[in-house]
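Engineer: Before I ask anything, here is the structure I am working with.
The values are calculated or read from the model by the stated rules, or taken from the named source; none is laboratory data. Remember, predicted model here, so these are calculated numbers, not experimental data. Don't worry about glycine lacking a Cβ; one is built from the backbone with ideal geometry, like all the others, and counts go over all protein chains shown.
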Amino acid sequence: MTYAGGVSAEPAASVSDGLFDALPDGVVIADADGIVTTVNEQARRLLGSAVEVGRPLSEVMALQDQESCDWYASNKPYEGLGSRVGLTEQAWLTTEGTEVLVTGRINRVRRFGPVESVALVIRSGRGRARLDRDRSDLVATVAHELRSPLTGVKGFVGTLLSKWERLNDEQKKLMLTTVHADSERLSRLITELLDVARIDTGRLPLYPRDVDTQTLVERCVESVRAGTTRTIESSYAEPVPSVFADPDKLSQVVTNVVDNAIRHGEGVVRVSVEGTTEPFPGVLIRVDDEGEGIDEAIRARVFTKFWKHGVRGGTGLGMYIVHGLARVHGGEVLIADSDSGGARLEIRWPSDDRR
């Protein structure tokens with residue numbers, strides 16, 4: 001027989017205890033009278049060794065929330081609407097103060113009929129705690145990155161408003177130039193955060209088409225070259241095949257990688273482009289610097305969110321976005337050693353649609 005909740009009406013003993021013990025989460029099942037009939041080992045570890053078969057569910061689930069409300073009194077699994085078949089996941093505290101997440105099913109022979117059994121799943125709240133910490137780190141990082149340029153904008157605008165008549169044109173121009181630079185920094189940060197959110201959710205808008213690789217890469221190199229005194233050399237092995245890409249996204253990838261080599265590398269930055277057939281037909285774009293390179297042990301972490309290395313600034317989002325944009329096009333980004341011992345980033349981009 002099967003209850004409306006989808007759980008067998010037969011006693012839990014029909015399923016071996018060993019199978020329940022093999023589950024990663026705690027399982028507690030109580031009968032129609034509220035007496036526990038099944039408890040697996042994970043439930044004992046989470047709820048305490050005193051949790052045993054034959055005890056009332058209200059005693060076994062001796063959990064409270066932050067306001068000292070009891071789990072059983074709050075959920076009343078054997079009362080309430082006759083159409084209720086589920087218990088939403090909630091966070092509760094054990095007697096030792098450990099957080100657990102509890103969800104469950106209320107099983108009935110028929111809709112609006114009496115409760116025949118209650119099946120609960122209990123899992124550790126450590127995963128949620130890690131997620132909360134990650135969210136807190138995200139908020140802290142974003143707040144820090146936003147505060148610096150906002151402080152500059154606020155300070156200079158305040159000075160301009162209060163001392164406009166006493167400032168000469170050169171001073172006003174310097175302050176407005178700084179405000180403009182800070183606003184551009186804010187705009188870039190917001191754009192990066194939006195790109196990260198779209199990449200994570202798979203909602204990144206793409207408008208791909210065949211793109212002249214050499215023209216696009218050279219335009220990106222010239223853009224970065226105009227803002228630095230460092231030497232950037234570019235070379236192209238003829239013929240350079242076209243690629244299938246959203247030109248704006250590919251420009252973002254190349255610009256970020258070259259700019260990253262300028263900010264974190266040393267010496268001459270060399271950009272080379274050539275055709276390739278491995279691991280797919282397309283182009284191979286190499287960006288080399290003459291710095292200290294990137295240790296092999298940390299290369300995979302370079303493409304994670306908010307990862308930073310060294311003393312130079314940045315949001316820590318650039319390489320995550322580069323990796324994500326290449327991946328959604330069917331390409332890849334790898335880190336290697338340059339011939340000079342510095343870092344080499346290799347962008348492999350397909351000529352055909354590999355999305």
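Engineer: If a residue has to be under 34 Å from the mean Cα position of the chain (by Cα) and surrounded by fewer than 15 Cβ atoms within 10 Å (Cβ to Cβ) to count, how many in region 24-47 make the cut?
Structural biologist: 2
Engineer: Could you tell me which of the residues Ala297, Ala326 is assigned to a helix (DSSP H, G or I), of a type in the set (Gly, Ala, Ser) and surrounded by fewer than 16 Cβ atoms within 10 Å (Cβ to Cβ)?
Structural biologist: Result of the check over Ala297, Ala326: Ala297.
Engineer: Can you tell me which residue among Val254, Val243, Val258 is closer than 28 Å to Tyr207 by Cβ, crowded, with 22+ Cβ neighbours inside 10 Å, free of Cβ contacts under 8 Å to residues at least 60 places away in the same chain and not assigned by TED's automatic domain parsing to the domain that holds Asp195?
Structural biologist: Val258
Engineer: Go over the candidates Glu67, Glu10 one by one and state the one that is modelled with pLDDT under 85, among the charged types (D, E, K, R), part of a loop (DSSP other than H, G, I, E, B) and more than 26 Å from Arg126 (Cα to Cα).
Structural biologist: After ruling out the rest, the residue left standing is Glu10.
Engineer: Look at Lys173 and say whether it is surrounded by 11 or more Cβ atoms within 10 Å (Cβ to Cβ), over 21 Å from Gly227 (Cβ atoms) and among the basic types (Lys, Arg).
Structural biologist: no
Engineer: So, in region 70-113, exactly how many residues are more than 34 Å from the chain's Cα centre (by Cα) and not polar (S, T, N, Q)?
Structural biologist: Counting residues in region 70-113 that are more than 34 Å from the chain's Cα centre (by Cα) and not polar (S, T, N, Q) gives 18.
Engineer: Tell me, please, whether a residue that is buried (at least 20 other Cβ atoms within 10 Å of the Cβ), modelled with pLDDT of 85 or more and in contact with a Phe, Trp or Tyr (Cβ under 7 Å, 6 or more places away or on another chain) can be found in region 78-97.
Structural biologist: Yes, region 78-97 contains a residue that is buried (at least 20 other Cβ atoms within 10 Å of the Cβ), modelled with pLDDT of 85 or more and in contact with a Phe, Trp or Tyr (Cβ under 7 Å, 6 or more places away or on another chain).
Engineer: Please give the number of the condition Arg270 fails out of (1) over 14 Å from Val217 (Cα atoms); (2) modelled with pLDDT of 90 or more; (3) basic (Lys, Arg).
Structural biologist: With (1) over 14 Å from Val217 (Cα atoms); (2) modelled with pLDDT of 90 or more; (3) basic (Lys, Arg) applied to Arg270, the lone miss is (1).
Engineer: List the pairs whose first member sits in region 136-147 and is at pLDDT 70 or above, whose second member is among the aromatic types (Phe, Trp, Tyr) and surrounded by fewer than 14 Cβ atoms within 10 Å (Cβ to Cβ), and whose Cβ atoms are under 8 Å apart, counting only residues at least 6 apart or on separate chains?
Structural biologist: Within 8 Å, no pair qualifies.
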